[in-house]
Each structure stands twice: as structure tokens, then as C-alpha cells.
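Undergrad: To start, I am sharing the structure in question, which I have written as C-alpha cells.
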Amino acid sequence: MITTLLTILLIAGEWTAPVEVRSQEDLCLTYKAKLDGPFLVVQATIEPGWHTFVMDNKTRAEEKLAGKRSLGIDHPTEIVLSGGLDAQGPWYQSPPKDFSKPELRYFSWGFDERQAVFVTKVRRSAAGPARIGIRGQACAASVCKNIDVAIAIPLGSADAAPQIDLKSLVQVR
């Protein structure tokens, strides 16, 4: 896996430049991030024909399997914060689509629309920039690509009023 680290300088509250995830020459999706008041917002823009998975895919699948074995569980999206940025509460994500095939004991949820967002309240504990590590999986009809990217983001001030509407999202289990 290749790790991409994007370091840019920007004003707090603006989106970072997008980090691309490619499968050979094909663009699968891009990630970008911004600080929105006390919240970190990570946005995935998914290319047509591709999909990616929720942060709580394993938990959701285990609930549906109720102790039975699965034929496979897709890799969930994982976001790890470091360098002076700490999550201070639960993560929220866009409402997912159910990709499950219960007759095959295959349970999976994710995103195949144009965009998905992941949000958490954060505490800034250093001058920055902070690092956002993102791991997971993106899949098309016949191929899957492991995701391992990073975004550097300046910490700036948390004084601005947030624009994100948590009511439009679901809490990660």
C-alpha cells in the first residue's frame, strides 16, 4: 500500500486539496477535510461505479450475523487523528446504503452516491498541522482497492460557528 501525505497551508475552515485514491489509472474516490468550528469534517467524493464502506461496517455485520460465520466483511473506513487533533466524542457519518445479501450471509453498508461525510467534535492540543490518516476499501464491480492515505491540516482557531448539521448524519456504532 502506498501512503499519500498531502501537506498544504490554508486558512482554517477551508477544504484541504483532495487526496486521490486510484486503482491503476482509474480514480476511485477523493478525500478532503476541513475544520468547521469545533468539528472535523472529512468528505469522500466517490467516482461513478465505485463504492466505499461505513466506519461501523464490522459492528453492523456482527449484529446481523448474531454469532454465525460470514462469507466476508468489507473493510470499514477508519480515520485516525494525530499531531494535535483529538476526537472528543462519537463519529457521525452520512446515512449509508445497505449492500447486504442475507441469503449469502453477506452484510455490508456503504456509500455509492457522489459524496459521504464523516464528522467528529475535536480538541486542538498543539499548533499543528495535524494528520488525518484514512484507511479502508473502495470497490467496483470486479475489483477492490485498499485505501491508505493521509491529509495534513492546519489547526487554526475553533471560534467560528459550525456549518455542519449533525441531524442529517447517523452516529457511528
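The values are calculated or read from the model by the stated rules, or taken from the named source; none is laboratory data. Note that the structure is predicted; figures quoted are calculated from it, not measured. Every residue, glycine among them, receives a Cβ derived from its backbone with ideal geometry; neighbour counts consider all protein chains shown. What goes into the accessible areas is simple: the full protein's heavy atoms, side chains included, and nothing from ligands, DNA or RNA. Shrake-Rupley method; radii C 1.70, N 1.55, O 1.52, S 1.80 Å.
Undergrad: Starting from region 65-169, pick out the trypsin sites (Lys or Arg not before Pro) whose DSSP state is loop and whose Cβ has at most 14 other Cβ atoms within 10 Å. Provide the component values of the computation, followed by the final result.
TA: Numbers: sites: Lys68, Arg69, Lys97, Arg105, Arg114, Lys121, Arg123, Arg124, Arg131, Arg135, Lys145, Lys167; in loops: Lys68, Arg69, Arg105, Arg114.
Counting only loop positions with at most 14 other Cβ atoms within 10 Å, the trypsin sites (Lys or Arg not before Pro) in region 65-169 are Lys68, Arg69, Arg114.
Undergrad: Among [x] 138; [y] 119; [z] 180, which is the computed volume of the Cα convex hull per residue in Å³?
TA: The listed entry that was calculated here is [y].
Undergrad: In addition: What's the magnitude of the charge dipole for region 33-92 around its Cα centre, counting Lys and Arg as +1 and Asp and Glu as -1 at the beta-carbon? Answer in Debye, nearest 20. Show your work: numbers first, answer last.
TA: Numbers: 6 positive and 8 negative charges, 55 e Å.
That gives region 33-92 a dipole magnitude of about 260 debye.
Undergrad: At a 1.4 Å probe radius, carbon and sulfur cover how many percent of the accessible area of region 43-105? Mind dumping the intermediate values first?
TA: On the way: 1690 of 3400 Å².
About 50 percent, which is the carbon plus sulfur part of the accessible surface.
Undergrad: Now for a separate question. Could you derive backbone 3J(HN,Hα) for region 143-158 from the dihedral phi with the Karplus parameters 6.51, -1.76 and 1.60 (θ = phi - 60°), listing whole Hz in sequence and x where the residue is Gly or Pro?
TA: In residue order, the calculated couplings are 8, 10, 10, 6, 10, 8, 10, 9, 10, 9, 9, x, 7, x, 9, 9 Hz.
Undergrad: Could you tell me the number of lysine pairs in the chain with C-alpha atoms less than 16 Å from each other, where the two lysines are 8 or more residues apart or belong to different chains?
TA: Details: Lys34/Lys121; Lys58/Lys68; Lys58/Lys97; Lys58/Lys101; Lys64/Lys97; Lys64/Lys101; Lys68/Lys101; Lys121/Lys167.
Lysine pairs meeting both conditions in the chain amount to 8.
Undergrad: Another question about this same structure. Residue by residue through region 96-107, which ³J(HN,Hα) values in whole Hz follow from phi under the Karplus form 6.51 cos²θ - 1.76 cosθ + 1.60 (θ = phi - 60°), with glycine and proline marked x?
TA: x, 9, 8, 9, 4, 10, x, 5, 9, 6, 10, 10
Undergrad: Each label point is 7 Å from the Cα along the Cα-to-Cβ direction; what then is the distance between the points at Lys64 and Trp15, in nm?
TA: It is 3.0 nm.
Undergrad: Give me, ordered by chain and number, the residues 5 or more places off Thr77 or on other chains with an amide H under 5 Å from its own placed amide H.
TA: Phe53, Val54, Met55, Asn57
Undergrad: So what are the ³J(HN,Hα) numbers for region 37-48, from phi and the Karplus equation (6.51, -1.76, 1.60; θ = phi - 60°), rounded to whole Hz, Gly and Pro as x?
TA: Karplus values, whole Hz, x for Gly and Pro: x, x, 10, 9, 10, 10, 10, 9, 10, 9, 6, x.
Undergrad: How far apart, in nanometres, would the label points at Arg105 and Ala141 be if each is projected 7 angstrom from Cα along the Cα-to-Cβ direction?
TA: 2.9 nm
Undergrad: Please compute the per residue accessible area over region 1-134 with all protein chains in place, 1.4 Å probe, rounded to a whole number of Å².
TA: That works out to 52 Å² for each residue.
Undergrad: Most mobile of Pro96, Pro129, Pro48 per a Gaussian network model of the chain (Cα springs, under 10 Å)?
TA: Among Pro96, Pro129, Pro48, the largest mean-square fluctuation in the Gaussian network model of the chain belongs to Pro48.
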